[in-house]
Amino acid sequence: ALRVAVFASGNGSNFQAIVDAVQAGKLDVTIELLVCDKPQAPVVARAAGAGVEAFVFKPKDYASREAYEQEILAKLQEKQVELVVLAGYMRIITHVLVEPFAGRMINIHPSLLPSFPGVNAIDQALDYGVKVTGVTVHFVDGGLDSGPIIAQRALDILPDDTADSLAERIHRVEQELYPQVISWIAADKVSIDGRRVTIESRASSIRTVD
Ligand code: GAR
């Protein structure tokens, strides 16, 4: 089974969805490590509850971004991690991790990229007044939410939506889409040619989306 590490900074609902899919036998990967930059984040307790080893650190304890990323890289190599899954990890990632994991690091973002990259994408979409937004899963490159897109799901913004009501629908879509994309990668169905990503067959053990 594909050896996965998840990076998260907050609530960890996406981390939990991946754990749940693995435990339900719907996703054939092993979660080797959680990496978290916020010791108080709820995702840390979720990892403990799931019996997933966690590397929790405070960026302030390190001289630079590169310094803590070197330590993370060593952990990933020690655990022989094959795929890095960013799930609400709210930090820029440098060449230290991007290069060794080129084509093997993915991110989920709560908008239809390239619209609304960066932080607060849900608020950005509401404030802009777009009528359709959604969720994007993409490979990570050196830029901000800029890598090749693997999958997207669109969602209507309703007239009476608030940030909370829209976020709830977006999170529900994320929690279905992310385990599904990981299952495609684990089954070696995702190939990349420049910016064009193709998924060999949509057939998947997880059928919660489509
Ligand atoms: C998710 O909505 C994810 O798309 C977003 O953070 C949330 C984390 O939720 N990521 C970004 O905005 C990245 N720029 P979670 O901790 O409950 O999984």
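A few points about this structure:
For (1) more than 30 Å from K26 (Cα to Cα); (2) in contact with a Phe, Trp or Tyr (Cβ under 9 Å, 6 or more places away or on another chain); (3) aliphatic (A, V, I, L, M), each residue gets a yes or a no:
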{"position": "I72", "(1), (2), (3)": "no, yes, yes"}
{"position": "Y89", "(1), (2), (3)": "no, yes, no"}
{"position": "L112", "(1), (2), (3)": "no, no, yes"}
{"position": "F116", "(1), (2), (3)": "yes, yes, no"}
{"position": "T133", "(1), (2), (3)": "no, yes, no"}
{"position": "D141", "(1), (2), (3)": "no, no, no"}
{"position": "E174", "(1), (2), (3)": "no, no, no"}
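- Residue that is assigned to a helix (DSSP H, G or I), in contact with a strand residue (DSSP E or B) (Cβ under 6 Å, 6 or more places away or on another chain), among the β-branched types (V, I, T) and within 21 Å of I182 (Cβ to Cβ), where the choices are V43, V35, V85, V81: V43
- Residue match in region 53-66 (condition: of a type outside the set (D, E, K, R), within 15 Å of the ligand (Cβ to nearest atom) and more than 16 Å from the chain's Cα centre (by Cα)): yes
- Just one of the numbered conditions (1) within 14 Å of the ligand (Cβ to nearest atom); (2) over 26 Å from V197 (Cα atoms); (3) among the aliphatic types (A, V, I, L, M) is not true of L86: (2).
- The lone exception for A154 - which of (1) in a loop (DSSP other than H, G, I, E, B); (2) away from the ligand (no atom under 14 Å from the Cβ); (3) touching a residue at least 40 places away in the same chain (Cβ under 8 Å) it fails: (1)
This table checks each residue for (1) within 14 Å of the ligand (Cβ to nearest atom); (2) β-branched (V, I, T); (3) assigned to a strand (DSSP E or B); (4) touching a Pro at 6+ places or on another chain (Cβ under 7 Å).
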site: G103; (1), (2), (3), (4): no, no, no, no
site: I108; (1), (2), (3), (4): yes, yes, yes, no
site: L112; (1), (2), (3), (4): yes, no, no, no
site: G118; (1), (2), (3), (4): yes, no, no, no
site: D123; (1), (2), (3), (4): yes, no, no, no
site: T133; (1), (2), (3), (4): yes, yes, yes, no
site: V137; (1), (2), (3), (4): yes, yes, yes, no
site: G142; (1), (2), (3), (4): no, no, no, no
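- Filtered residue count, region 13-30, keeping only those that are under 19 Å from I72 (Cα atoms) and within 14 Å of the ligand (Cβ to nearest atom): 1
- Residue in region 76-87 that is surrounded by the most Cβ atoms within 10 Å (Cβ to Cβ), counting only those that are more than 16 Å from F57 (Cβ to Cβ) and within 8 Å of the chain's Cα centre (by Cα): V85
- When the criteria are applied in full, D37 fails the requirement of being of a type in the set (D, E, K, R), away from the ligand (no atom under 15 Å from the Cβ) and touching a Ser or Thr at 6+ places or on another chain (Cβ under 9 Å).
- Exactly one residue out of L112, L2, L73 is buried (at least 20 other Cβ atoms within 10 Å of the Cβ) and not charged (D, E, K, R), and it is L112.
- Verdict on R65 being farther than 14 Å from F7 by Cα and of a type in the set (K, R): yes
- Test: residue in region 195-203 that is modelled with pLDDT of 95 or more and either assigned to a loop (DSSP other than H, G, I, E, B) or within 12 Å of the ligand (Cβ to nearest atom) (or both): yes
- The residues in region 158-194 that are of a type in the set (A, V, I, L, M), in contact with a strand residue (DSSP E or B) (Cβ under 8 Å, 6 or more places away or on another chain) and not in a helix (DSSP H, G or I) can be counted, and the count is 2.
- Flag for A17 being assigned to a helix (DSSP H, G or I), among the hydrophobic types (A, V, I, L, M, F, W, C) and over 16 Å from the mean Cα position of the chain (by Cα): no
The values are calculated or read from the model by the stated rules, or taken from the named source; none is laboratory data. What you are looking at is a predicted structure, and each value in this text was computed from that prediction instead of being measured. So basically every Cβ, Gly included, is an ideal-geometry build from the backbone, and we count neighbours across all protein chains shown.
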